[in-house]
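The values are calculated or read from the model by the stated rules, or taken from the named source; none is laboratory data. This is a predicted model, so every value here is computed, not measured. Neighbour counts run over all protein chains shown; Cβ positions are idealised from the backbone, glycine included.
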Amino acid sequence: MDKAIEILDLLCENSRLTEKQIATITGLSEEEVKNTMKSLEDKKVLLKYTTLVDWEKTDREVITALIDVRVAPQQGHGFNKVAHRICQYEEVKSVSLISGTYDLSVEVEGKTMKEIALFVAERLAPIEGVLSTTTHFVLKRYKKDGVFYEEGQNDKRLVVTP
Amino acid sequence: MNTDKYISNVVKSIPPSGIRKFFDLVTNSKDIISLGVGEPDFVTPWEIRKEGIDALDRGSTTYTSNLGLPELRIAISYFLKTHYNLTYDPEKEIMVTIGASEAIDLALRALLNDGDEVLVPEPSYVSYAPCVTLTRGIPVFVPTDEKNNFIITPDDLKSKITPKTKVLILPYPNNPTGAIMKKEELEEIVNIIIEYDLLVISDEIYSELTYEGRHISIASLPGMKERTILINGFSKAFAMTGWRLGYIAAEHGFIEAMNKIHQYTTICAPITAQYAAIKGIYQCEEDIVKMRETYDKRRKFIVNGFREIGFDCFEPKGAFYIFPSIKKTGMTSQEFCEKLLKEEKVAVVPGDAFGPSGEGFIRVSYAYSIDKIKRALERIKHFAERIL
C-alpha cells in the first residue's frame with residue numbers, strides 16, 4: 001500500500017504528472033504505476049484528477065457558502081437519506097456528516113448570494129427531515145487544499161544565492 | 001573620496017563572487033523561473049518557529065555564553081551521537097556559531113599562519129578560498145572530476161601536498177556538484193591525511209540531505225576525530241538559513257582557540273535562534289525526514305528530466321543540486337546561463353562560479369516544487385532543441 005500512497009501523494013500535489021514522471025520519482029516501473037493507478041481507480045480510491053482555481057481572478061462570478069444543517073435522524077437511515085437527497089443538487093459541491101451542534105455541513109456554489117439564498121430557502125430547507133439551516137458565505141479564501149491564495153506567500157528567497 | 005586607496009591589499013586581491021555577478025543579471029529580469037537558489041524552499045518547521053516566538057515572549061533577549069547555550073550544546077552532542085555516531089563533550093568540544101559561515105572563518109583563522117597552504121577541492125562553495133586568503137593563508141585548489149564522481153582521490157590529494165600544507169577542506173555532501181564521499185572513499189584519503197599530519201575542516205552542512213544511504217563523517221573514522229574540525233549547522237537540515245545558526249565540534253584545544261576569536265568578534269550566536277534550535281533537534285526529526293524524502297523525489301525527477309532533454313548529468317547523492325554538463329553545446333557556462341536566462345527566462349548558476357573546473361557545467365537547484373521544476377524543464381527543453 002505504501003507505493004500506492006506515494007503515488008496518491010504525488011497526484012494530490014500535481015495531477016498532471018504523467019505515469020512516466022511518477023515512475024521516475026518513485027523508482028517504480030511505468031507499468032507498475034499504470035497498474036497501481038488503474039487499481040486505485042477501480043477501487044474508487046482515486047476518484048478524479050482535479051485542479052484548484054482562484055475564481056476571484058477570473059471574469060466568472062463564483063460565490064461559495066458553507067451551510068450548517070440540522071437534521072432529524074430517521075429510523076433505520078440515520079442521516080443518510082437526507083444527506084443523499086441533498087447530494088442530488090448540482091449546486092451542492094460537498095456534503096459531510098459532522099460532529100457538534102449541527103449534523104451536516106453542505107458546501108454550495110452559485111453565481112450570486114441571492115441565488116444561494118433562494119436555493120437554501122426553496123430547495124434545501126423544505127427537504128423532509130431538515131430542521132434548520134445556517135448559511136455562511138465565504139468572503140475570502142486564504143488557503144485551500146494546502147495552497148495559499150494570497151500573493152507574497154510564495155517564494156521569498158533571493159533568486160540566486162551561493 | 002577615493003576610497004580605493006584605503007582598502008587593504010588583501011581585500012582588493014579577492015575576486016568578486018561569480019554568483020554575485022549573475023545575481024545582478026537575474027534581478028533585472030522579469031517573469032523568470034529561478035533554479036538558482038542555495039537554500040531550502042521549506043519554511044522552518046512550526047515547532048521551531050514557535051519556540052523562537054516563545055523565547056522572545058519569555059524575554060530571552062540576552063547574550064549567551066560564548067560557546068552557546070549549554071542546553072543547545074547538549075542537544076548538538078546528542079544529535080551528532082544519534083545521527084553520525086560521533087562522541088563530543090558538550091562542555092568542551094562543541095561551540096555554536098553564526099551559521100557554518102562563521103565556523104569556516106573561525107577554523108581558518110585559528111589554524112593558519114601566514115603562507116600556510118590550505119587544500120580546497122573545487123568546484124566547491126564560494127567562500128573557502130576567499131576566507132583562506134583573508135587569513136593570509138594560501139588556497140591550493142584540488143580539482144575534482146566528473147569521471148571520479150567529483151570526489152577527492154588519494155592521487156589528487158597527494159599531488160597537491162607540499163611541506164606548507166596544513167589543512168584540507170572537505171566539503172561533502174558538496175555544493176555545487178551534489179557529490180558525497182562514501183566511507184571507503186574517505187578511508188582512502190585518511191592515511192594520507194595522517195601521514196602528512198594534516199588537519200581537516202569538514203563542512204558537513206548538507207549531511208542530512210544524503211540520499212540512498214547515511215552520511216558518514218570523516219571524524220568517525222579511526223584517528224580522525226582529533227584531526228577534524230567538524231562544521232555543521234541548522235540551515236539546510238532544519239530549513240533555518242535566515243536564523244544564522246551553525247556549530248563546530250572539535251578537540252578542546254581547537255575549540256578554545258576558535259572561541260578566543262569568536263568572543264572578541266561576535267560574542268555569541270543569537271539567543272532566539274539557539275532556543276529554537278534545541279526544539280528542532282528534539283522534536284523535528286520527522287520534519288527532517290519528510291524534507292529529505294521530498295528532495296529525493298525531486299532529485300530523481302530533475303536528473304531524469306535533464307538526461308531526457310539530452311544533457312549528460314552526474315547522479316548526485318547529496319545536497320539539493322544537480323550539476324549537468326553543458327559541454328556538448330560548445331558554450332561556456334557563463335554564455336549558456338546568460339542565454340538561457342535571456343531566451344527562456346530560467347535562472348541557473350554557471351559552474352565556473354564554484355571554481356575553474358566547474359567550467360562546462362551548470363548548477364541547478366532542486367529546492368523547488370515539482371511543479372516549478374517541471375515548468376523550468378519545459379523551458380530548458382525548448383532552449384536545448386535550438387542549441388543542441
Scope the range B:76-106; condition aliphatic (A, V, I, L, M) and either in contact with a Ser or Thr (Cβ under 7 Å, 6 or more places away or on another chain) or under 15 Å from B:S217 (Cβ atoms) (or both); matching residues: B:I76, B:L80, B:L86, B:I94, B:I98, B:A100, B:A103, B:I104, B:L106
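Tell me, which helices (runs of 4 or more DSSP H) wholly within the range B:1-66 include 1 or more residues that are of a type in the set (V, I, T) and over 30 Å from B:I380 (Cβ atoms)?
Values: elements: B:9-13, B:18-27, B:46-57.
It comes to B:9-13, B:46-57.
Quick check on B:D371: is it within 11 Å of chain A (Cβ to nearest Cβ) and either within 25 Å of B:T210 (Cα to Cα) or part of a loop (DSSP other than H, G, I, E, B) (or both)? Walk me through it before giving the result.
Working: within 11 Å of chain A (Cβ to nearest Cβ): yes; either within 25 Å of B:T210 (Cα to Cα) or part of a loop (DSSP other than H, G, I, E, B) (or both): yes.
Yes; evaluated as a whole, the condition is true for this residue.
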Selection within the range B:1-54 - in contact with a Gly (Cβ under 8 Å, 6 or more places away or on another chain), more than 14 Å from chain A (Cβ to nearest Cβ) and under 30 Å from B:R136 (Cα atoms): none
Conditions (1) among the aliphatic types (A, V, I, L, M); (2) part of a loop (DSSP other than H, G, I, E, B); (3) in contact (Cβ under 8 Å) with a residue 60 or more places away in the chain: number failed by B:M331: (3)
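Quick grid of which residues meet (1) in a helix (DSSP H, G or I); (2) within 13 Å of another protein chain (Cβ to nearest Cβ); (3) buried (at least 18 other Cβ atoms within 10 Å of the Cβ); (4) of a type in the set (S, T, Y):
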{"site": "B:K279", "(1), (2), (3), (4)": "yes, no, yes, no"}
{"site": "B:P316", "(1), (2), (3), (4)": "no, no, yes, no"}
{"site": "B:C337", "(1), (2), (3), (4)": "yes, yes, yes, no"}
{"site": "B:R375", "(1), (2), (3), (4)": "yes, yes, no, no"}
Residues (crowded, with 18+ Cβ neighbours inside 10 Å and not in a helix (DSSP H, G or I)) located in the range B:68-97: B:G68, B:L69, B:L86, B:Y88, B:P90, B:E93, B:I94, B:M95, B:V96, B:T97
Residue that is surrounded by the fewest Cβ atoms within 10 Å (Cβ to Cβ) [pool: residues in the range A:140-162 that are part of a strand (DSSP E or B) and charged (D, E, K, R)]: A:K143
Qualifying residue in the range A:118-131 (condition: more than 14 Å from chain B (Cβ to nearest Cβ) and in contact (Cβ under 8 Å) with a residue 60 or more places away in the chain): yes
Answer from B:A376, B:A276, B:A367, B:A384 - the residue that is more than 24 Å from B:F23 (Cα to Cα), small (G, A, S) and at pLDDT 95 or above: B:A276
Every residue from the range B:81-130 that is within 14 Å of another protein chain (Cβ to nearest Cβ) and touching a strand residue (DSSP E or B) at 6+ places or on another chain (Cβ under 9 Å): B:G99, B:A100, B:S101, B:I104, B:E122, B:P123, B:S124, B:Y125, B:Y128, B:A129, B:P130
Yes/no for B:F254 being away from chain A (no Cβ under 14 Å) and farther than 30 Å from A:T24 by Cα: yes
Residue within the range A:22-34 that is closer than 25 Å to A:E151 by Cα, away from chain B (no Cβ under 14 Å) and over 16 Å from the mean Cα position of the chain (by Cα) present: no
Hey, A:L10 at the interface with chain B (Cβ under 9 Å from one of its Cβ atoms), touching a residue at least 12 places away in the same chain (Cβ under 8 Å) and either closer than 15 Å to B:K372 by Cα or over 25 Å from the mean Cα position of the chain (by Cα) (or both) or not: yes
Failed item in (1) within 14 Å of chain A (Cβ to nearest Cβ); (2) under 22 Å from B:G115 (Cα atoms); (3) not aromatic (F, W, Y), with B:N174 passing the rest: (2)
Residue selected from the range A:118-139 under the condition closer than 20 Å to A:E61 by Cβ and in contact with a strand residue (DSSP E or B) (Cβ under 7 Å, 6 or more places away or on another chain), by the criterion surrounded by the most Cβ atoms within 10 Å (Cβ to Cβ): A:V120
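Counting just the residues of the range B:292-312 that are under 20 Å from B:G36 (Cβ atoms) and away from chain A (no Cβ under 13 Å), which one comes out nearest to the chain's Cα centre (by Cα)? Don't jump to the end; show me each part of the working.
The first filter runs over the range B:292-312 and keeps only residues under 20 Å from B:G36 (Cβ atoms), leaving B:294-295, B:298-299, B:301-303, B:305-306, B:309, B:311.
With the extra rule that they be away from chain A (no Cβ under 13 Å), the set shrinks to B:309, B:311.
Details: B:I309: 28, B:F311: 25 Å.
Among them, the one singled out is B:F311.
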Pair list, Cβ under 6 Å, 6 or more apart: the range B:339-364 residue under 16 Å from B:S127 (Cβ atoms), other residue basic (K, R): B:V349/B:R363
